[in-house]
Amino acid sequence: MALRDRARVLMVSALLVPGLAAAQQEAMPDPRQLDARIQRLERLMDNQALMDMMRRLDALEQEVRAMRGSAETSEHELENLRSRQRDLYLDVDRRLQALEEGGVRVAPGPGPARPDTPIVADPADPAAPVAPAPGAADEQQVYRAAFDLLREGRYDQSVSAFRAFLNDYPQSGLAANAQYWLGEAKYVSRDFDGALVEFEKVMADYPDSNKIGDAQLKLGFTHYELGQWDRARAALEQVVANHQGSAVARLAEQRLRRMRDEGR
């Protein structure tokens, strides 16, 4: 190799070797820098886990809010149900009290008796104007026993007792009343399908009874409880039309207003 060529090789080597050394030094980072990078990566991973946890907490919070809203809705519906139940029992108590204070009143039979004539008065009433017919004392006792079961809240027993009374005394002047209270016993125990059957029997079997208005009213109430809005409205409007100015008409009007307020 010529002397000139050797000189060129030496010059190139002198230029390349420092560059290669510097490149090797850059390819091997400082351990402290490497540790700093690892720490930053760990912090990023921790932040990601924290973000995932926050998202999960947000989802849980939304579920809790949804459950709380559902619970509040259920509580509102339960309160409405309790309110209707209180109205139901107050109505029954009012009727029971009126029956006890005024005596049992039934539809007129043959003869001059009027619908408001007490055929069988409350046994505690010393001013009972009508003496019982032969056998009527037993009949009254059976009826009173069934009625007391209803008043005491023993609804299943009262249903059986009123059925037995109707079976044993089908021609009794108290039969229409027994049939009506049989329906009431079904109604207050929330057997609304059964109550419809019994109230309809009052309408069909005792068309001249003074319990017709009460039976019509409770038909409307029962259709209401079953969510049969059209039938409820028709029955209540019939009560208002047929018994203007009476207590049952006022109760029917109240329930019709309630249905309008509820958008029924």
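The values are calculated or read from the model by the stated rules, or taken from the named source; none is laboratory data. Because the structure is predicted, anything quoted here is derived from the model rather than measured. Neighbour counts run over all protein chains shown; Cβ positions are idealised from the backbone, glycine included.
Which of the residues that make up region 134-153 are under 33 Å from the mean Cα position of the chain (by Cα) and either surrounded by 15 or more Cβ atoms within 10 Å (Cβ to Cβ) or assigned to a helix (DSSP H, G or I) (or both)? Matches in region 134-153: Ala145, Ala146, Phe147, Asp148, Leu149, Leu150, Arg151.
Among the conditions (1) modelled with pLDDT under 95; (2) surrounded by 17 or more Cβ atoms within 10 Å (Cβ to Cβ); (3) under 30 Å from Glu139 (Cβ atoms), the only one that Ala249 does not satisfy is (3).
Taken over region 164-193, residues that are under 33 Å from the mean Cα position of the chain (by Cα) and touching a residue at least 40 places away in the same chain (Cβ under 8 Å) amount to 5.
Out of contact with any Pro (no Cβ under 8 Å at 6 or more places or on another chain), buried (at least 21 other Cβ atoms within 10 Å of the Cβ) and of a type in the set (Ser, Thr, Tyr): does that describe Ser189? Judged against the criteria, Ser189 is not a match. Among the helices (runs of 4 or more DSSP H) confined to region 173-264, there are none with at least 2 residues that are touching a strand residue (DSSP E or B) at 6+ places or on another chain (Cβ under 6 Å) and assigned by TED's automatic domain parsing to the domain that holds Gly153.
For region 210-264, a residue qualifies if it is among the acidic types (Asp, Glu) and either over 19 Å from Asn177 (Cα atoms) or without any contact (Cβ under 8 Å) to a residue 60 or more places away in the chain (or both), and the qualifying residues are Glu225, Asp230, Glu237, Glu253, Asp261, Glu262. In region 151-166, is there at least one residue being under 21 Å from Ala241 (Cα atoms) and either assigned by TED's automatic domain parsing to the domain that holds Arg250 or modelled with pLDDT of 95 or more (or both)? There is no residue in region 151-166 that is under 21 Å from Ala241 (Cα atoms) and either assigned by TED's automatic domain parsing to the domain that holds Arg250 or modelled with pLDDT of 95 or more (or both).
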